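The values are calculated or read from the model by the stated rules, or taken from the named source; none is laboratory data. All values derive from a computational prediction rather than experimental measurement. As a convention, Cβ positions derive from the backbone with ideal geometry for all residues, glycine included, and neighbour counts pool all protein chains shown.
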Amino acid sequence: MSSTITGVGSGFDIESWVSQLVSAKKTSSLTPLQTKLESLQKTDSTISSIKTKFTTLQSALKAFTTTIYNSSSDMWTNTTITSSNDAYATAISTGSVASANVDLQIEQIATSTIAKSANSLGTISKENIESAKFVNLANGQAKAGTFSMFLDGKEYKIEIAQSDTVQDVIDKINTASDGKIQASVDDSGNFSIKAYKEQVVDGSTTYVEDTSANLMIGSGGDTSNIVTALKLNEKDGSGYKSAYPVSLVNTSAAMVSQESGLGEIKFFDEDGNPAQTGKITINGVDFEINETTTLNNLISRINGNSDANVKASYDSLTNKLVLTSTQTGQSNISLSEEGTNLLNVLGLTEGEGENEKLAEGSQTLGQNAIAYINGNKVISSSNTITGEASGIANLSITIKKPTSDYSNNEKDDKNVTLDISPDYTEVKEALNTFVKAYNDLVTTIRTETSSSGNIGHDSSLNSLLNNIRGVTSAISDNDGAFSMLAEIGISTSKSDAVNLTIDEEKLDKALSEDFESVKMLLSDGYTSKTDNGIFDQMLVDIENALDFENGYFANKSDSIQSQITSMNSRIERATNRITSYEERLYKQFNKMDSIISALNSQLSAFSSYLG
């Protein structure tokens, strides 16, 4: 645009004149085009919104037309299963289950196989108490400190040092009371503290247990935990005896070290020569061990490997390694070792090489579940009895404890009843979703194609709507008892002939009395293209409209976009013409202003001459 002149020479308001003339030009030539563009854009947005509502209705219809033949997500197969007593058994459906009452008696539940060390590990004995440190007992939890004993009310106290062996502690106890209180270790590794009295036989003085003496051990002021660490809590004859064998096992120490208390663990190659690693195999899963592997580490690795199908733990009361199968049923835990004797040392196997086998008595086999379903005996390795095992397809029963014929409790139920009935909650929710989507679509199209709508009359869209509405009152030629939606409670009302409503009572009656016919009325298998269901027919119209190549929305969108592109081009050309028009106006007014300015100068000079 050229520089504007504001009427310096003429004094006229040229800028205002140009502005008004340009504005008038825009009103007559540009504004109608912009108004048309805005109308096209509104139409495009409205068409896009209506397309979304078609897609929503499509999804609502497909909830019926696809699930009927997809057992993994078929809402028609949903069931409600009620147990007469959940404490004994519950059940779920994994697919379609016919309505029934299932009578259930439970003889026994399945349990897991348990493997544990045949003998207590690392127990103290008369042979090792002279070297075994007291503070290493009870997995390193035994504490040094003061320990009090009371014999017939008289207190005797000893001081257990950090460096004391078990034999040192025994000696301190025995000498504290001049032999009236004595400690000892038996062949099973049990620690005892008992009262004794002198007895003279044939001139020789000996000590025998004094059952009449009142011996108490431990006081609130003691700093040693010998009573709890060695489990000396209960009376035994004239004194106390540990409830379990006392062990030197330290689960945090390297298993091959003396500090572990396990015994001599070896590593060797295939020729029997010393090596640095070995492996054990549990249910086919290998676990490598070496000179730094601790029992805690091995337990952690076993528990972290689900393929081994066992859980490991160390029972610090009985001093045994315990492997519990994660699977129930009557089967052994498979154990073997290579390049080590660890399983032998742990008391889980016995023998060597080809002669190695599970240690006798080391495994307690789990048991299979036994139940009677409608009088038929069913044996299962799991407490979840599947349809394959019970003969009731798609029914999964979980049993929890025996019923009264097999339990020791007379108050237990004699049997359990499982009541199986269809659950149409999801079907009804899907029908409500359909009705909402349908009504939303119909209302939107009627509004937008009215005289005040953003689309106005659209014969193609109205024809499509009429087809969809017609299907809701159409007759379906299917093999069921129902041929129209109104027969199952879905129809328009007298007060509203446009929107669909659901008669809940009528729908419930149809579903409960003949749900198969309801299924066939709605969809008889859209994927096969041979069905006559109401929703199948409607879905054909919906998907034809949504076809991305030849559907109504594809064609309509292409048409509108073409018009918008054309309108933008027209607006651009009109804008350019107005710009040129404005430049011409300024050029012409500038020339006029220049002429007037020159005339004014001549007039001024002539007036001065006439003076």
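When you scan the stretch 266-288, do you find a residue that is within 28 Å of SER131 (Cα to Cα), of a type in the set (A, V, I, L, M) and within 43 Å of the chain's Cα centre (by Cα), even just one? No, because not a single residue in the stretch 266-288 is within 28 Å of SER131 (Cα to Cα), of a type in the set (A, V, I, L, M) and within 43 Å of the chain's Cα centre (by Cα). Quick one: is SER512 of a type in the set (Ser, Thr, Tyr) and more than 40 Å from the chain's Cα centre (by Cα)? No; evaluated as a whole, the condition is false for this residue. Within the stretch 92-122, the residues that satisfy the criterion of being at pLDDT below 95 and under 26 Å from the mean Cα position of the chain (by Cα) are ILE92, SER93, THR94, GLY95, SER96, VAL97.
Within the stretch 177-188, track down each residue that is surrounded by fewer than 18 Cβ atoms within 10 Å (Cβ to Cβ) and either within 57 Å of the chain's Cα centre (by Cα) or at pLDDT 95 or above (or both). Correct list: SER184, ASP186, ASP187, SER188. Quick one: which residue in THR328, THR349 is closer than 30 Å to THR403 by Cα and either surrounded by 18 or more Cβ atoms within 10 Å (Cβ to Cβ) or in the same structural domain as SER93 (by TED's automatic domain parsing) (or both)? Exactly one of THR328, THR349 is closer than 30 Å to THR403 by Cα and either surrounded by 18 or more Cβ atoms within 10 Å (Cβ to Cβ) or in the same structural domain as SER93 (by TED's automatic domain parsing) (or both), namely THR328. In this structure, ASP440 does satisfy being among the charged types (D, E, K, R), under 23 Å from LEU57 (Cα atoms), modelled with pLDDT of 90 or more and in the same structural domain as ILE542 (by TED's automatic domain parsing). Residues in the stretch 116-131 that are farther than 30 Å from GLN363 by Cβ, surrounded by fewer than 20 Cβ atoms within 10 Å (Cβ to Cβ) and either of a type in the set (A, V, I, L, M) or in contact with a helix residue (DSSP H, G or I) (Cβ under 6 Å, 6 or more places away or on another chain) (or both): GLU130 only. GLN162 satisfies every condition listed in (1) over 17 Å from ILE217 (Cα atoms); (2) modelled with pLDDT of 95 or more; (3) buried (at least 16 other Cβ atoms within 10 Å of the Cβ) except (3).
The rows are residues; the columns are (1) without any contact (Cβ under 8 Å) to a residue 60 or more places away in the chain; (2) more than 26 Å from LYS25 (Cα to Cα); (3) under 60 Å from the mean Cα position of the chain (by Cα).
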site	(1), (2), (3)
GLU549	yes, yes, yes
ALA554	yes, yes, yes
ILE560	no, yes, yes
ARG570	no, no, yes
THR575	no, no, no
LEU585	no, no, no
ASN590	no, no, no
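Taking the listed residues SER562, SER517, the one that is of a type in the set (Ser, Thr, Tyr), at pLDDT 85 or above, outside the structural domain of SER96 (by TED's automatic domain parsing) and surrounded by 12 or more Cβ atoms within 10 Å (Cβ to Cβ) is SER517, with no other qualifying. Residues in the stretch 376-421 that are within 29 Å of PHE64 (Cα to Cα) and crowded, with 18+ Cβ neighbours inside 10 Å: 6 in all. One residue stands out among those in the stretch 576-591 that are of a type in the set (S, T, N, Q) and loosely packed, with under 15 Cβ neighbours inside 10 Å: the one that is farthest from LEU33 (Cα to Cα), which is GLN588. Pairs linking a residue in the stretch 462-489 that is on the phi > 0 side of the Ramachandran plot and assigned to a loop (DSSP other than H, G, I, E, B) to a residue that is among the β-branched types (Val, Ile, Thr) and modelled with pLDDT of 90 or more, with Cβ atoms under 6 Å and 6 or more positions apart or on different chains, are GLY489/ILE502.
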